[in-house]
Structures are given as structure tokens and as C-alpha cells.
Amino acid sequence: MSKDTAYIKSSLDTNSFEPFMIGDKQAGEVHWLTTENSSGAPAYSGIWRCEPMTFDYEFPGDEVFHVIEGDLSIKVTDGETVNVTAGDIISFAKGIKSTWTINRTFRKFFAISNC
């Protein structure tokens, strides 16, 4: 990743991912593009990938993501299940508790604000 005053640029390779942890459980891998906004406040973006698995996830901020590949079912606390597949763009509000079931190898580009 290179950072300039006007932009941030990154390139992916197999070594540029690190474990993405939820508590003490690994839930896929992440390549960070940003971890803060231009004011220095927390704001996250990058690529996340995961093989099939199920885990609980509470959205730490307002999150929008674009599904690059794969198939995911998200069951939110009110019981509704949202299914997303390659090409979908979706947004969730901060604090929503959910259970994610990755049905097929999954990759997304995400942006999280309001952390």
C-alpha cells in the first residue's frame, strides 16, 4: 500500500492478506486498504476473503460491501436472512448482530465508517 496526501493505492498478491479475527476465532483473511479516514478517525476498507464456514458477526460500523465472488447468507437478529452473491452491493448499519454462513468461497470489497 502506498499513501499520498491525495490517494491510497494498493495491489493484491497472496502474501498481502492477514488473518481476520473475531475474538479468538479466525474468520477468513483481510487485505487492508485503509484503517482510518483523512481526519485520522477509524474507517476501514479493503478486500476480505473466506472459505465456507459459519460465524457470528456484529457490524462495528456502517458497512457497505460489493461481492466479488461467492455466496453468503446473513441471518440478522430479527430473524431475517439476507442472501448475497457475486455482483450484489449491500449496506448494514452499525451494531447489527448477525450470523454469517459462507456457502461458497467468498470475496468482497468493503468500506466501514462510523466506527
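The values are calculated or read from the model by the stated rules, or taken from the named source; none is laboratory data. Worth saying up front: this structure is predicted, and the values here are computed from it rather than measured. Glycine gets a Cβ as well: all are built from the backbone with ideal geometry, and neighbour counts include every protein chain shown. Side chains are part of the model used for accessible areas, which takes the heavy atoms of the whole protein and leaves out ligands, DNA and RNA. Shrake-Rupley method; radii C 1.70, N 1.55, O 1.52, S 1.80 Å.
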Any residue at all in segment 98-106 that is free of Cβ contacts under 8 Å to residues at least 40 places away in the same chain and β-branched (V, I, T)? no
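Conditions tested, residue by residue: (1) at positive phi; (2) open to solvent by less than 70 Å² (accessible area, probe 1.4 Å); (3) outside any loop (DSSP other than H, G, I, E, B).
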{"site": "L33", "(1), (2), (3)": "no, yes, yes"}
{"site": "A43", "(1), (2), (3)": "no, yes, yes"}
{"site": "F55", "(1), (2), (3)": "no, yes, yes"}
{"site": "P60", "(1), (2), (3)": "no, yes, no"}
{"site": "F65", "(1), (2), (3)": "no, yes, yes"}
{"site": "L72", "(1), (2), (3)": "no, yes, yes"}
{"site": "G79", "(1), (2), (3)": "yes, yes, no"}
{"site": "V82", "(1), (2), (3)": "no, yes, yes"}
With K25, K97 as the choices, which residue is open to solvent by 20 Å² or more (accessible area, probe 1.4 Å) and in contact with a Ser or Thr (Cβ under 8 Å, 6 or more places away or on another chain)? K97
Failed item, numbered, when I102 is tested on (1) in a strand (DSSP E or B); (2) open to solvent by less than 70 Å² (accessible area, probe 1.4 Å); (3) under 28 Å from K9 (Cβ atoms): (3)
Restricted to segment 16-47 and to residues being touching a residue at least 40 places away in the same chain (Cβ under 8 Å) and either of a type in the set (S, T, N, Q) or touching a Gly at 6+ places or on another chain (Cβ under 6 Å) (or both), the residue nearest to T99 (Cα to Cα) is S45
